[in-house]
Amino acid sequence: MARTLELVAIPLRALRRAALVWTLSLSALIALTVAFWPAFREEAALGEMIESMPQPLVDAFGLANFGTPAGFLRGNLYAVIVPLLVAVAGVLLANGQTAGEEDSGRMELYLVQPVSRSTIFIGRVSGALICLAVIAAVMLLAQLASDAAFDLKIGTDRLLATVMLCGLLGLLHAGLAAFVAGLTARPGLVLAIGLAVVVGGYVIMALFPISDVLAPWRHASPWDWALGGDPLVNATDAWRYLALGGPAIGLIAAGTVAFNRRDVRAA
């Protein structure tokens with residue numbers, strides 16, 4: 001058990017700087033964005049101008065009801081920027097601790113230890129996921145503190161659900177990165193596939209509704225599973241958490257099996 005825990009602690013130590021950068025960056029982004037709320041709240045004309053924009057454009061960037069606290073946060077943070085950054089963080093963290101470590105040859109040092117290959121792989125992925133959870137938790141605290149400081153009134157339960165869904169979206173893409181890394185120790189390929197799915201998922205959710213033919217396919221996007229119910233306004237259905245968390249666990253499990261069966265890439 002101690003050896004297994006150490007296999008999780010090792011990537012955590014390696015990721016502490018990256019986690020610090022991500023948490024500080026996202027916290028600063030949230031605080032600076034919310035700081036504009038008092039000025040925006042007093043400028044009703046800006047909200048009216050946004051509402052006069054073409055409806056497909058408003059929907060694509062989450063700008064509906066931009067003059068409300070929920071609409072302000074959605075349009076500035078939680079429709080695109082925050083979920084995008086959290087998903088990218090998930091891909092980068094998981095890729096760096098799996099394919100990146102194997103490609104550099106550092107993972108060989110642990111593979112010669114008296115522990116299974118599966119345990120090593122899961123330990124590395126777990127370290128990345130713990131960092132992702134810490135990033136999401138600090139992001140929530142920054143949001144709550146900023147809202148209190150700048151008098152932006154919105155339900156804590158809505159913020160909690162929104163941040164959790166963004167975190168699970170990151171978890172899903174981290175799981176995808178772990179799956180590809182289990183198949184092949186090529187960090188460039190893992191990164192390319194992960195980021196392509198991140199961006200492709202957003203494009204499907206945001207732009208497919210513009211076309212009557214493509215509109216039904218927006219529900220195939222993980223972004224729609226996470227944010228399609230507008231969690232800043234509406235209570236989140238339980239299936240959305242399961243739709244993100246379940247496949248993430250399945251991808252990590254499949255990646256672990258693949259890693260356990262193939263030859264490890266030598267440095």
Can you tell me which residue is nearest to Thr33 (Cα to Cα) among those in the range 146-160 that are without any contact (Cβ under 8 Å) to a residue 24 or more places away in the chain and small (Gly, Ala, Ser)?
Ala148
May I ask you to verify whether Leu144 is of a type outside the set (S, T, N, Q) and closer than 28 Å to Arg117 by Cα?
no
Assess whether Trp225 counts as being surrounded by 21 or more Cβ atoms within 10 Å (Cβ to Cβ) and assigned to a helix (DSSP H, G or I).
yes
Working carefully through the options Ala181, Ala206, find the one that is in contact (Cβ under 8 Å) with a residue 24 or more places away in the chain and farther than 30 Å from Pro69 by Cβ.
Ala181
Determine if the range 248-262 includes at least one residue that is in a helix (DSSP H, G or I), at pLDDT below 95 and basic (Lys, Arg).
yes
In this structure, does Ala89 turn out to be surrounded by fewer than 23 Cβ atoms within 10 Å (Cβ to Cβ), modelled with pLDDT of 95 or more and in a helix (DSSP H, G or I)?
no
Test Asp230 against the stated conditions and say whether it is of a type outside the set (A, V, I, L, M), farther than 14 Å from Gly90 by Cβ, part of a loop (DSSP other than H, G, I, E, B) and more than 18 Å from the chain's Cα centre (by Cα).
no
Among the residues of the range 234-256, write down those that are in contact (Cβ under 8 Å) with a residue 40 or more places away in the chain and open to solvent by 70 Å² or more (accessible area, probe 1.4 Å).
Ala235, Ile249
Could you grab me the full set of residues in the range 182-220 that are within 30 Å of Gly105 (Cβ to Cβ) and small (Gly, Ala, Ser)?
Gly182, Ala185, Gly188, Ala192, Gly194, Ala196
Can you tell me which residue within the range 95-115, out of those that are polar (S, T, N, Q) and more than 14 Å from Gly182 (Cβ to Cβ), is least open to solvent (accessible area, probe 1.4 Å)?
Ser104
Looking at (1) part of a helix (DSSP H, G or I); (2) more than 24 Å from Ala9 (Cα to Cα); (3) open to solvent by 60 Å² or more (accessible area, probe 1.4 Å), which one does Asp151 not meet, given that it meets all the others?
(1)
Give Ala87, Ala94, Ala79, Ala70 a once-over and let me know the one that is within 17 Å of the chain's Cα centre (by Cα), under 12 Å from Asp230 (Cβ atoms) and among the hydrophobic types (A, V, I, L, M, F, W, C).
Ala79
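The values are calculated or read from the model by the stated rules, or taken from the named source; none is laboratory data. Remember, it's a predicted structure, so these values are computed and weren't measured experimentally. Note that each Cβ is placed from the backbone with ideal geometry, even for glycine, and that neighbours are counted across all protein chains shown. We work out accessible area using only protein heavy atoms, side chains counted, and drop any ligands, DNA or RNA first. Shrake-Rupley method; radii C 1.70, N 1.55, O 1.52, S 1.80 Å.
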